[in-house]
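So the structure is just underneath, and the comments pick up after that.
The values are calculated or read from the model by the stated rules, or taken from the named source; none is laboratory data. Just so we're clear, the structure is a prediction, and the values are computed from it rather than from any experiment. Note that we place each Cβ from the backbone using ideal geometry, even for glycine, and neighbour counts take in every protein chain shown. Side chains included, ligands, DNA and RNA excluded: accessible areas come from the protein's heavy atoms. Shrake-Rupley method; radii C 1.70, N 1.55, O 1.52, S 1.80 Å.
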Amino acid sequence: MADLSADFTCKTAFASVTGRSHAKTSTPCQDYVAARTSNGVTCVALADGAGSRARSEVGAQVAVTATLAYLCKNFESLWLNMDKHNTKAAQRLVHRCLDAFRRKSAKLGCKNDDLACTLLFVAYSQGRYIAGHLGDGVIASVDADGRLQTLSVPENGEFANTTWFLTDPKAIPKLRLYRAKVETPMGFAIMSDGTAESLYQKSSAAPAQAVRTLLDWNATLPGKKFKAVLNENLQTSIARKTSDDCALGLISILKREHFISGIDPVAAI
């Protein structure tokens, strides 16, 4: 059978904005999102710092940076471990983040728990994807036919209005991992809980239709143009519906001959 992985390529986009509640108190944005391509792997990761922790905005950045580096270097071993040893794969990812926390907390003179944050990611390589989710926030996906689904729903902690963080003792069993082969074009959206206020319907546990619109634009617009559109929508539409920080990461897996459109999207979704 022919190897179809060479037929696909990836396109990422991401943005974050400080929520109204943090802007009023001059508190740093505790959401952090970024993307990386290296060693034939493309990935996007997002972390939401715990509001009750002193340096969680730093922890979110450390977790995302460590996760992206680990995924790009170890995609193959993670894929293989997930075949029979999902717990081992989760353990390696969490420990990599905790090691990075220990180094950073030593420099800052704070505790590891002061860096507590959630974690979401999607990585693609050679016709396969791996996704991971710890805590609240949402991972949504859309297939080649435009069908939306929630790949990973928010998970709250043991008490109301709490969730799971990388520094929690139960972080390893609570980290949900997914993997699958990619046979048709598709896209993923990872979002913090602030963004989910607009892009996720809690009553039906389904992504809002705007997710499909954003992924369509990511797939069809030139990167620089879509970056401006994404930032505009996050600031003027999505962030207005919550007082929380907002972050959103997108990854589109496309056919290499995919046509870049000249359509001019409406500024706000």
Hydrodynamic radius by Kirkwood, which averages 1/r over all alpha carbon pairs of the chain, in angstrom: 18.5 Å
Given Cα pairs under 8 Å that are at least 6 residues apart, what percent is the relative contact order of segment 179-263? 48 percent
Through the Karplus equation 6.51 cos²θ - 1.76 cosθ + 1.60, θ set to phi - 60°, convert the phi angles of segment 27-34 into ³J(HN,Hα) values in whole Hz; use x for Gly and Pro. 8, x, 4, 9, 8, 9, 9, 7
At a Förster radius of 51 Å, what calculated FRET efficiency corresponds to the Cβ-Cβ distance of residue 111 and residue 147, to the nearest 0.05? 0.70
Subtracting the Cα-Cα distance of residue 37 and residue 84 from 0.36 nm times their residue separation yields 14.2 nm
Label point 7 Å out from residue 24 along Cα-to-Cβ: which residues of segment 237-251 have amide N under 12 Å? 243-244
Carbon and sulfur: what percent of the chain's accessible surface (1.4 Å probe)? 50 percent
Based on the alpha-carbon set only, what is the convex hull volume of segment 146-238 divided per residue, in Å³? 142 Å³
For residue 119, which sequence-distant residues (separation of 5 or more, or a different chain) have an amide H within less than 5 Å of its own amide H, given hydrogens modelled in the peptide plane? 48, 134
How large is the dipole of segment 17-176 about the Cα centre if only Lys and Arg carry +1 and Asp and Glu carry -1, each at its Cβ, rounded to the nearest 20 debye? 500 debye
Taking 0.36 nm per residue of separation between residue 228 and residue 54 and subtracting their Cα-Cα distance, the length gained on full extension comes to 59.5 nm
Report, in whole Å, the centroid distance computed from the Cα atoms of segment 216-240 and segment 76-127. 29 Å
Size of the dipole of the chain about the Cα centre, Lys and Arg at +1 and Asp and Glu at -1 on the beta carbon, nothing else charged, in debye to 20? 640 debye
Exposure of residue 122 as accessible area (Å², to 10), given a probe of 1.4 Å and all protein chains: 0 Å²
Taking Cα pairs closer than 8 Å and at least 6 residues apart, the relative contact order of segment 16-166 in percent is 21 percent
Could you provide, to the nearest whole Å², the per residue accessible area of the chain with probe 1.4 Å? 46 Å²
How much length, in nm to one decimal, is gained on full extension between residue 240 and residue 184, taken as 0.36 nm per residue of separation minus their Cα-Cα distance? 16.7 nm
